[in-house]
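Notes to accompany the following structure.
The values are calculated or read from the model by the stated rules, or taken from the named source; none is laboratory data. Everything quoted here is computed from the prediction, not taken from an experiment. Here the Cβ positions follow ideal geometry from the backbone for every residue, glycine too, while neighbour counts run over all protein chains shown. Quick note on the areas: whole protein, heavy atoms, side chains included, nothing else; ligands and nucleic acids left out. Shrake-Rupley method; radii C 1.70, N 1.55, O 1.52, S 1.80 Å.
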Amino acid sequence: MVTTYAVRGALCAAMLMAAPPALAAQDDVVGIPVGQTPPAVTIQDLDGNAVDLARWVGKKPVIVEFWAAWCPICADLLPRMEAAHTKYGDRVEFLVIAVAVNESQSTVRRHLTRHPMPFTFLWDAGGNAVRAFQAPSTSYVAVLDAKGKVVYTGVGADQDLDGALKRATLPSVP
């Protein structure tokens, strides 16, 4: 008998294997390298409207999490995301990008109705954001400074989001 977690684990593994080939060549880098600016990308809101990430990137620091309603690691990461939002929510934009793997926009909306979260949720139906950020799996987080440069990437439930957001909110040196 195949369990739901086995299927979900296989989907996470498939996302990792589908990551860009450059990811395998990077040593300790997870996803887009620190110091780079992600390319411009258009995805959707949960109503299907086109949304350009440039709306947020380069305006103030941004934290981006690649998420799925079925992802147990994302659920484990949630308390850290909520604590970070409580501490930095007035200075940092919190974007959660729902990946279109084994879920739909309506599934995500239903989940958020039952489990509200204080973040902006977006929908990546075509994988545009996954490719732009080189996201290896769900629970992948990228933190960008106010200039749009990546200052942190990580994956898993035990990420130092507070440390990453401290770096992102430091005054920039000209």
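Table for the structure above
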read-out: Förster radius 30 Å - calculated FRET efficiency between VAL34 and ASN102, Cβ distance, rounded to 0.05; value: 0.50
read-out: Cα-based reach from LYS166 at 19 Å (exclusive), listing aspartates and glutamates while leaving out same-chain residues under 8 positions away; value: GLU65, GLU82, ASP90, GLU93, ASP145, ASP158
read-out: Lys, Arg +1 and Asp, Glu -1 on Cβ, resulting dipole of the range 101-166 about Cα centre, debye, nearest 20; value: 240 debye
read-out: Fraction of accessible area attributable to carbon and sulfur, the range 81-174 (%, probe 1.4 Å); value: 53 percent
read-out: Reach of LYS87 by Cα under 12 Å, taken over aspartates and glutamates that are not fewer than 8 positions away in the same chain; value: ASP162
read-out: Formal net charge of residues neighbouring VAL62 (Cβ-Cβ distance under 9 Å; K, R +1; D, E -1); value: 0
read-out: Nearest-0.05 FRET efficiency for ARG131 and ALA54, computed from C-beta distance (R0 25 Å); value: 0.95
